[in-house]
Amino acid sequence: MNPQEQRAWRTLIALTTRLPAALDTQLQRESGITHFEYFVMALLSEEPDHRLQLSDLAQKANASLSRLSHVVSKLERLGWAQRMPLTGRRGAQAVLTDAGYRKVSAAGPGYLECVRGLVFDGLDADQTEQLLTLGETLVAQLDKGMTRGLGRSGRPSSHLALDPTESD
């Protein structure tokens, strides 16, 4: 990496490490839940009938099905979600219970205040638009790299070298 890429990379690492930790700390202190638990319940709260197939929820939550399954199990134990089998198909839906809806609704204002204070209060409208554009570009690049096998288990890194004749 050149010096500019190194600075940019280290800044991105600081952001992706510190922001989730700060959100976790805030939510655990105020509501007794992790950021990921909140995010899963918030996603469900936005769906019709507060339900979504687990595989679709995993995709929306940017999580593996395994990680999501563990969180849904915890939310079930707490009475905030339940699994419902899909009729005539494989899989299940996660359903936010009334208690889960109350929980995520109660945590919402503090969460939004935290997000605003940690991120958006420091940005003007143009910077927010730039953040959106850059974030979408980075997510697309991440998806592209993962499709090629980068950052995924089961494939040795020596096999990840690009073909020199390949162009992006």
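Among the candidates R83, R90, the residue that is exposed (fewer than 12 other Cβ atoms within 10 Å of the Cβ) and among the basic types (K, R) is uniquely R90.
The listed residues are L138, L142, L131, L118, and the only one of them that is under 18 Å from the mean Cα position of the chain (by Cα), loosely packed, with under 12 Cβ neighbours inside 10 Å and not charged (D, E, K, R) turns out to be L138.
Screening A63 on (1) at pLDDT below 95; (2) in a loop (DSSP other than H, G, I, E, B); (3) open to solvent by 30 Å² or more (accessible area, probe 1.4 Å) shows it passes everything except condition (3). Whether a residue is in a helix (DSSP H, G or I), more than 18 Å from the chain's Cα centre (by Cα), within 20 Å of G151 (Cβ to Cβ) and among the acidic types (D, E) was assessed, and E5 passes this test. For the condition modelled with pLDDT of 95 or more and either open to solvent by less than 70 Å² (accessible area, probe 1.4 Å) or under 26 Å from L118 (Cα atoms) (or both), R77 does not qualify.
The set of residues in segment 1-49 that are closer than 17 Å to V115 by Cβ and either in contact with a Cys (Cβ under 7 Å, 6 or more places away or on another chain) or open to solvent by 70 Å² or more (accessible area, probe 1.4 Å) (or both) comprises L15, T16, T17, R18, L23, T25, Q26, Q28, R29, E30, E46. The listed residues are G79, G91, and the only one of them that is within 29 Å of R152 (Cβ to Cβ), touching a Ser or Thr at 6+ places or on another chain (Cβ under 9 Å) and touching a residue at least 12 places away in the same chain (Cβ under 8 Å) turns out to be G91.
If only residues of segment 85-113 that are among the aliphatic types (A, V, I, L, M) and modelled with pLDDT under 95 are counted, the one that is farthest from L44 (Cα to Cα) is L86.
The values are calculated or read from the model by the stated rules, or taken from the named source; none is laboratory data. Please read these numbers as outputs of a predicted model, since none were measured by experiment. Positions of Cβ are generated from backbone atoms using ideal geometry, with glycine treated the same way; all protein chains shown enter the neighbour counts. Side chains are part of the model used for accessible areas, which takes the heavy atoms of the whole protein and leaves out ligands, DNA and RNA. Shrake-Rupley method; radii C 1.70, N 1.55, O 1.52, S 1.80 Å.
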